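Engineer: Okay, handing you the structure first.
What follows is calculated from the coordinates using simple rules that are stated; it is not laboratory data. On a predicted model such as this, the values are computed, not experimentally measured, just so you know. With ideal geometry, Cβ positions are generated from the backbone for all residues, glycine too; neighbour counts draw on all protein chains shown.
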Amino acid sequence: MDVQASSAAPPAPARPATGRPSWVWRRFARHRFAAAGAALLLVVFALAAAGPVVAPYNPERVDIVDRLRPPGAAHWLGTDQFGRDVLSRVVAGARPTCLAAVMAIGIAAGAGVVLGAAAGYAGGAVDGAVMRAMDIMLAFPGILLALVVVTILGTGLLNVMIAVGVSLIPAFTRLVRGAMLSLRQREFVVSARAIGCGSVRILGRHILPNVWAQVAVLSTTALGWAIIAGSTLNFLGFGVHPPTPEWGADLNTGREYLNAAWWMSTAPGTAIVLVILAINFVGDGVTEALDPALRRP
Amino acid sequence: MGAFIGRRLLASLPIVFGVTALVFLILHLIPGDPAQIMLFGTNATPDQIAGLRRSLGLDRPLAVQYGDFVWRLVHGDLGVSFISQRRVAEEIGLVFPATATLALATMVVAATVGLGAGVIGAMYRGSWMDVAGTGFSVLGVAVPNFWLSVLLILVFAVRLGWLPALSEGGVRGLILPSVSLGWGFSAIITRLCRANLLEALAQPYVSTAYAKGLRAGAVVVRHALKNALIPVVTLLGLQVGNLLSGAVVVETIFGRQGLGSLAVRAIQAKDFPTIQGVVLVVALVYLLVNLAVDVAYAALDPRVRYG
Amino acid sequence: MTRRTLLAGALGTGSAALLGAARPRAAASAPAPQGRLVFGMWQSPESLDPGTSGLISSGYISINVFDPLIWHLPGMRRGQEYFPGLALRWEVSGDARRFTFHLRRDVKFHDGTPFTAEAVKATLEHIVNPETKSRSAITALGPYSHTEVTGDDVVTIVFKEPNGAFLNNVATSGLSPISPAALRRYGHQGVSQHPVGTGPFKFQEWVLGNHVTIVANPDYNWAPPVAHHQGPPHLAEITFRIIPDASTRFNALRTGEVLIAENLAPTDVQGLQRAKGYTVFAAPVTGMPYSIMVNAKRPPTDDVRVRQALQFATNQEAIIEALYKGIYEPAHNIFLPGTLSYDPTLDKMYRYDAGRAKSLLEEAGWKAGAGGVRQKDGQPLRLVFINIANFGFDQISQLLQAQWQDVGIQTDISAQSFPTVAETYNRGDHNLADFFYYSVDPFLMRALYACDQITHGFNWMHYCDPQVDALVAKGNATADPSKRIAPFREAARRVMEAAVVIPIYQQRAVFDASDRVQALRFTVNGFPIYYDATLRA
């Protein structure tokens, strides 16, 4: 669940030790999964963009008579304890879940890039200060950090995601700093400086574009973690305000009804699992695509 | 080597103080008056509440309070819990072994699953086993901890009766919680191990070994795996903070005492001394573990020592 | 559903009522205690000292480790409510300020020291000592002045003001005698980890965050005459296992790792009611039902017509049907049945009537507006509903939100955890708050409705009516139950007319047990007593 180490650069390709035609498999197997993952993510983001309008029923409509119905003709994924349609809640829940996760990553990546760039490029005291600060944040247990932020800011999905985002900043900072350190020594940077380009220009035009790729890769892994972290904070009692549908919150609510109505949590739970799997496979695909060393002849 | 360790220890000190200062600041920023909370429901008058604040030292300037905290800390005194009136050091000491045991067991599970899937993935790169291996460990990340725990209990405790639902002392009570936590951590280990193993396998000495007739398995184990392990060990060190986060959930579900649940209760009750004590202990553990990792690193690779 | 409280109630943690009265058989030579019972509870105790603790979890343990001076058993025998405990008989002064108890002489503490009047005095002094930081017992005690000891077996407790509620409160574990030797040895704080009482079970160990174990007291021979046997208890050992998660408590019951579990989800309780091999105990409790408190100072609920509209727009029956069918009953009163001065006629005051709710709102100037939300002077009719996080009201608040929407009210729901939320409530940032209250005495009205409880007490309705305060004081001015009823009833009527409390359901103390557990009894507040209990093989 920790994303720090995935910032380690992917290695050079390995030659297959035997005559197995694994290059064929690799092209189809991993790429197929990555493609499937990408397709799923597109669907999910489309749902998130469209919002609750797409759902067959109003996800917040309470109907006590119809409560706890198993999946059937009228309600494909059954109803929850208030008679609300589970499928509609999953569909409508895509938006808050995705929005929140994206926002958390936005905070983490945004702050991380700035801090990491400053540390890596400027070096010296700035680097020392930033890395000490990151060490402090890392030594601070993530959940405690999130709990404290939520206690200060109050419950609610927005605050939960701020908390999650903040706890992810060290990972991005370290990644960007590492990339900075190696890039700043490279020839094209040295020559750019030699011909008199200012630091900002160097940063903007030469260094950052190279860093984006790695940030993108880290983001895909961190997205999954953000969704889970949000869900866990719901479990601990901080999170969305009812009756907003949200996958993590509904998963948690459904836990209480596990024996009576297993579909209540299975639906949002499956959605979370599928999305995270998809993100991971897409992430792998992106990694292999972006890293020239891994590209297949 | 001694100088190396010494330097690292010295570098850790500012971090320890940084963490405690940060926590201290945050706690006092959180709305809520511990004195009022402690006297809640006792019909205490505002005067009595103010009196309690004074006796807890909460009315002094922040800098003074922090200084006092540091002074007592240096003397090994973590203060007294607001909720239970017990010494914080004592309470932490009572629950720490349980969390440590869980953490170790989790590492074992994570390393086993992670390395297993990583090795398979690297050796049979591109095959369905590769994808299955990665997919299996990613599943551990995709399913939220609290959900996985409940599922494991339902299957293994209630339906099959093989393992207890509650985590008592002993190995049997440790299996489900550590699997629940460790599975999630294994994902990143799988990815790292696989990637590093692939890189190691591409080295010339591997082809030489094959040319000399060594079987694939032996090659992996004797030559490549050692190099692949180094980053994995580093990673384990970084996980300490996240381990506690996951432990909070797992301890709650399996009814296990530990630092995690102690911390959550303390936060809800604004039990400042306990919160500070827990954070401090976790930070210390994080630093010590990372120091140990770096020492191991340095021992394995002399280039690091003077870096 | 969760019965979560950090306070067992300012007026006491349960008096002992042994249900199922029968003539006690004299135990000739009872078999040695045997059997180990594991009880799954959700919250860790913070102290095992009944004089300090404010948590129910602690009360579950204390009621078996400590004996009260008297037992409160309404309904057991005609004309008698109170029965001897450690005290054989007692007298109350006419002004309800002096309570004299004549004590048994054959009682010993778990540490071997004899139980005397000095022990009663030492315990009360310990409770009022600021060093002890008593959370609940000190309020149960009341306006304590001092204790007079006349001989080894006579003690008089004196109060500064009339304390009619005292007889109910002294029958709780909160005021049960603690060994003075233990107090001297461990200090006011130390007895939290070393409880030494006179009860049928004695403390063995407390593994922090995991469990508390108590074992049979072989010397126990002073059970109250209303118990079913005399001598040591039947059970050898009881372990109170802390399991914070409700589904795990349920699963542990299914695997047999615990034999009794509390606070399970209503659907799981319903499942157990249908299943074989389990008994669901639903012990009635006294005090206040689970309710919503309405802020009488903050608009728009500062208008009594809006508050009354809320009452009429609330369909308690539908909520019970949806959430607690077969477990609880709907509540329509600020008292639970069984509480002294409970007035059944008040139940009819606000029966569900959406039409009446709408007309009240119209009358108050809230006309139909855009999006189904009523408007007045350009403002929508919006209520701020702040729940106590994880308290068990989340689903209720959502159902209420839907019900009130039907009459044109918009409700914004959020949650804060205890104890932060208490401050929010004291500030009055809410229109609607959750609460319930465990108590054995109608004097609970003082803690809930008194004018001086607004800024730092439980009066989260910010409701102040000096008449109510006066009536409540009058009700407490005598210890004679028959004289206390009228003023409390009048006070209750006024509170209900002000519509500051929306009762939701009559909770019970629900425990789900394996049917191996036999002869389990409960106090008036639903705490299990294990003295007579046995375990079938």
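Engineer: For chain C, divide the Cα radius of gyration by the Kirkwood radius and give the resulting Rg/Rh value with two decimals.
Structural biologist: A ratio of 0.98.
Engineer: Between B:Thr45 and C:Asp152, what is the label-to-label distance in nm when each label sits 7 Å out along the Cα-to-Cβ direction?
Structural biologist: 4.1
Engineer: Which lysines, if any, have their Cα less than 29 Å from the Cα of C:Lys160, not counting same-chain residues under 8 positions apart?
Structural biologist: Straight-distance partners of C:Lys160: C:Lys121, C:Lys133, C:Lys474, C:Lys483.
Engineer: Moving to a separate point now. Which of C:Met76, C:Met445, A:Met131 has the fewest other C-beta atoms within 10 Å, and how do the rest follow up to the most?
Structural biologist: C:Met76, A:Met131, C:Met445
Engineer: Looking at the protein assembly as shown, send over the antiparallel percent of its DSSP beta bridges, to the nearest 5.
Structural biologist: Given both bridge residues lie in the protein assembly as shown, the antiparallel proportion sits at roughly 80 percent.
Engineer: Then there's this: With Cβ to Cβ distances under 13 Å as the rule, what net charge do the other residues near C:Phe115 carry (K, R +1; D, E -1)?
Structural biologist: Within the 13 Å Cβ shell, the charges total -3.
Engineer: Hey, another quick one. Taking the alpha-carbon centroid of each part, what is the distance from segment C:280-297 to segment A:92-140 in angstrom?
Structural biologist: 47
Engineer: How big is the charge dipole of segment C:95-251 about its Cα centre, in debye rounded to the nearest 20, if each Lys and Arg gets +1 on its Cβ and each Asp and Glu gets -1 on its Cβ?
Structural biologist: 200
Engineer: Under Stokes-Einstein, with the Kirkwood radius over Cα pairs standing in for Rh, what whole-number D in µm²/s applies to segment C:84-137 at 20 °C and 1.002 mPa s?
Structural biologist: Here the translational diffusion coefficient equals 165 µm²/s.
Engineer: Check every DSSP H run in chain B and write down those whose alpha carbon atoms cover 27 angstrom or more along the long axis and whose mean Kyte-Doolittle hydropathy is -0.5 or greater.
Structural biologist: Both cut-offs are met by B:2-29, B:88-123, B:172-201, B:272-300.
Engineer: Give me a single rounded figure for C:468-476: the average over its residues of other chain Cβ atoms within 10 Å of their Cβ.
Structural biologist: That average works out to 0.
Engineer: Taking the Cα centre as origin and putting +1 on Lys and Arg beta-carbons and -1 on Asp and Glu beta-carbons, what dipole magnitude results for the protein assembly as shown, to the nearest 20 debye?
Structural biologist: Dipole of the protein assembly as shown, to the nearest 20 debye: 3140 debye.
Engineer: Per residue of segment C:479-496, what does 6.51 cos²θ - 1.76 cosθ + 1.60 with θ = phi - 60° give for ³J(HN,Hα)? Whole Hz please, x for Gly and Pro, Karplus curve as stated.
Structural biologist: 9, 7, x, 5, 7, 8, 4, 4, x, 5, 5, 4, 4, 4, 4, 5, 5, 5
Engineer: Here's another thing I want to ask about it. Which cross-chain or sequence-distant (5 or more) residues have an amide H under 5 Å from the amide H of C:Leu88, H modelled 1.01 Å from N in plane?
Structural biologist: Excluding prolines and chain starts, which carry no amide H, the hits are C:His102, C:Leu103, C:Arg104.
Engineer: Only Lys, Arg, Asp and Glu count, each charged at its Cβ (+1, +1, -1, -1), so figure out the dipole size of segment B:2-88 about its Cα centre, rounded to 20 debye.
Structural biologist: Its charge dipole is roughly 360 debye.
Engineer: Report, by chain and number, residues whose modeled amide H sits under 5 Å from the one on C:Arg508, excluding near sequence neighbours (fewer than 5 apart, same chain).
Structural biologist: none
Engineer: Return the sequence-ordered ³J(HN,Hα) values of segment C:255-270 in whole Hz as given by the Karplus equation 6.51 cos²θ - 1.76 cosθ + 1.60 applied to θ = phi - 60°, using x for Gly and Pro.
Structural biologist: 7, x, 6, 10, 9, 9, 10, 10, 6, 8, 4, x, 5, 5, 4, 4
Engineer: Short version: ³J(HN,Hα) in whole Hz for each residue of segment C:126-140, in order, from phi by Karplus 6.51 cos²θ - 1.76 cosθ + 1.60 (θ = phi - 60°), x for Gly and Pro, what are they?
Structural biologist: Ordered by residue, 3J(HN,Hα) equals 4, 5, 7, 5, x, 5, 6, 6, 5, 8, 10, 4, 5, 6, 5 Hz.
Engineer: Say R0 is 45 Å: what FRET efficiency, to the nearest 0.05, do B:Asp77 and B:Ala211 get from their beta-carbon distance?
Structural biologist: Once rounded, the FRET efficiency stands at 0.10.
Engineer: Across peptide B:260-270, what mean number of C-beta atoms from other chains lies inside 10 Å of a residue's C-beta?
Structural biologist: Averaged over the peptide's residues, the number is 5.
Engineer: Quick one: if you take sqrt(5λ) for each eigenvalue of the C-alpha gyration tensor of chain B, what semi-axes come out, biggest first, whole angstrom?
Structural biologist: 44, 26, 14
Engineer: Using only the Cα atoms, work out Rg/Rh for the protein assembly as shown, with Rh taken as the Kirkwood radius, to two decimals.
Structural biologist: 1.00
Engineer: Moving to a separate point now. For segment B:142-201, compute Rg over Rh where Rg is the Cα radius of gyration and Rh is the Kirkwood radius from the inverse mean 1/r over Cα pairs.
Structural biologist: Rg/Rh for segment B:142-201 comes to 1.16.
Engineer: Now a separate question. Counting every Cα pair in segment B:2-88, what percent are over 18 Å apart?
Structural biologist: So the pairs more than 18 Å apart make up 56 percent of the total in segment B:2-88.
Engineer: Sequence neighbours fewer than 8 away in the same chain don't count; with that in mind, list the lysines whose C-alpha is under 30 Å from C:Lys358.
Structural biologist: Excluding near neighbours in sequence, the set is C:Lys297, C:Lys325, C:Lys348, C:Lys367, C:Lys376.
Engineer: Using the beta-carbon distance between B:Glu90 and A:Ala122 and R0 = 51 Å, what value does 1/(1 + (r/R0)^6) give for FRET efficiency, to the nearest 0.05?
Structural biologist: About 0.65, to the nearest 0.05.
Engineer: Would you mind checking which residues have amide H under 5 Å from C:Phe522's amide H? H placed 1.01 Å from N; only 5 or more apart, or other chain.
Structural biologist: The list, which skips near neighbours in sequence, is C:Leu19, C:Ile529.
Engineer: Could you name the lysines in cross-link range of B:Lys212, using Cα to Cα under 27 Å and dropping any fewer than eight places away on the same chain?
Structural biologist: Excluding near neighbours in sequence, the set is B:Lys226.
Engineer: Where in segment C:106-137 does the amide nitrogen come within less than 18 Å of the point 7 Å from the Cα of B:Leu58, taken along Cα to Cβ?
Structural biologist: Residues C:130-136 fall inside that zone.
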